[in-house]
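Beneath this line is the structure, given in structure tokens, with notes to follow.
The values are calculated or read from the model by the stated rules, or taken from the named source; none is laboratory data. None of the values given here were measured: they were computed from a predicted structure. A quick note on method: Cβ atoms are made from the backbone with ideal geometry, for glycine too, and the neighbour counts reach across all protein chains shown. Surface accessibility is based on the protein's heavy atoms, side chains included, excluding ligands, DNA and RNA. Shrake-Rupley method; radii C 1.70, N 1.55, O 1.52, S 1.80 Å.
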Amino acid sequence: MKKFHKCFLLVMILTVTGIIVACGDSKAGVSGSGNQNLSLLTGGTGGTYYPLGGQIGKIISDKTKANITPQTSGASAENMETLRAGEAEIAFSQTDIAAYALEGKEMFDGKPIDNIQAISSLYPETVQIVATAKSGIKSIEDLKGKKVSVGAPGSGAYINAMQILEIHGLSEKDIKGQNLSFDESAEGIQAGNIDAAFITAGTPTGAVEALSVQNDIFILPIAEDKIQALVKKYPYYAAETIPSGTYKIKSEVKTVAVKAMLVVTKDLDEDLVYEMTKAVYENTDKITHAKGKFITAKTALEGLGDMEVHPGAARYFKEKGVSK
């Protein structure tokens, strides 16, 4: 009988020990295979972040111990707030919006976000002011009194729209502003519910491509003197040209762009971020999106200003001889 009790006690000890070990191995964010589950915030389905995020996420998942789940979102500003809340680990953003988040400016006025760092900049995000050829809108001044989508509330496109209107002596009061996503903007122009839209995204942008299938579209140019004034006041901008043939437009269009970037939370493991950064920049041939050709280690730290680079990413770029 004593022998039975000893055996029973041993079995119970081993069982409890097994439960404790199992619980220790199944902590939040770690899959059964030992890989870490991470969320990558992108943008709306009609922009560039979403399709590109899917490809980048797959590369990281295939090459590292991170399982990446891309998620749709309201893009840059919303992404920064989600990182602040600890509800995701990686996000796409415009470089200007990430800088405003760190500095507590614009939509983050007085509420800086201090738990984010950069991985890298990726490609130019072009400010596209879209109308149809039949609308008769040929200049930014022509937007006065018109129904104009200025991007989702608090989005990067909204800030871009306000700053570009300002340089042209206009404000939101001079237009009938509509807060619409890229897809909603394209649908609104198609249906005749709005006259034009500000869209900040890598070209070609899915929503604008869809619009151009059934419409001759017109991209409003920004004059050279206005570009210079904009860049002087808001240095995150750079001059940009949309080539002829894009969306079937007949002539190139002068406009401006900011940079798209990847942002992570500070507390992500240095070795993991190193491996993720390495995976992306050493497998760019697997990025089939048109913007993949701009994603290179050589230009990865351009446009980041004073933003801190995560130590894991910094280590990779140091090995590649790349610095700000």
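Just a few scattered comments:
- Region 75-108: GluC sites (Glu not before Pro) in DSSP loop, at most 14 other beta carbons within 10 Å: E87
- Two tests apply to each whole DSSP H helix in the chain, Cα reach of 18 Å or more along its axis and mean Kyte-Doolittle hydropathy of at least 0.0, and the ones passing both are 2-25.
- Counting only Cβ charges, +1 for Lys and Arg and -1 for Asp and Glu, the dipole size of the chain around its Cα centre is about 760 debye.
- Region 96-144: C-alpha gyration tensor shape, a/c 1.5 cut-off, then a/b vs b/c: oblate
- Using R0 = 30 Å, the C-beta based FRET efficiency linking K144 and K293 works out to 0.20.
- Above-threshold pairs, the threshold being 22 Å between Cα atoms, out of K138/K293; K65/K298; K147/K233; K259/K291; K134/K250: K138/K293; K65/K298; K147/K233
- Heavy atoms of D271 accessible to a 1.4 Å probe, total area in Å² rounded to 10: 90
- Solvent-accessible area, 1.4 Å probe, carbon plus sulfur percent, for region 179-225: 45
- Projected label distance in nm at D114 and A191, using a 7 Å step from Cα toward the beta-carbon: 4.5
- Cβ-Cβ FRET estimate between K63 and E87, R0 fixed at 25 Å, reported to 0.05: 0.50
- Judged by the mean number of other Cβ atoms found within 10 Å, the most tightly packed of the peptides 199-205, 240-246, 219-225 leads the ranking 199-205, 219-225, 240-246.
- Restricting region 120-195 to trypsin sites (Lys or Arg not before Pro) in coil, as DSSP defines it, with at most 12 other Cβ within 10 Å: K138
- Euclidean distance of C-alpha centroids, region 246-290 and region 299-324, integer Å: 14
- Average Cα contact separation per residue, the chain, under 8 Å, 6 or more apart, as relative contact order %: 22
- Using a simple spin-label model with pseudo-atoms 7 Å out from Cα toward Cβ, D269 and N37 lie 1.7 nm apart.
- Amide H contacts for I116 (H built 1.01 Å from N in the peptide plane; partners 5 or more residues away or on another chain; cut-off under 5 Å): K266.
- Solvent exposure, largest accessible area first (probe 1.4 Å, DNA, RNA and ligands not counted), of Y50, Y247: Y50, Y247
- For K291, K105, the ranking by accessible surface with the largest value first comes to K105, K291, using a 1.4 Å probe.
- Tensor-based shape of region 222-263 (alpha-carbon gyration tensor, a/c under 1.5 rounded, otherwise prolate or oblate): oblate
- Annotation for region 146-210 versus region 37-115: alpha-carbon center distance of 21 Å.
- Length added when fully stretched, E319-A223, from 0.36 nm per residue minus Cα-Cα: 30.4 nm
- Residue-normalised accessible area of the chain, given per residue in Å² at a 1.4 Å probe: 48
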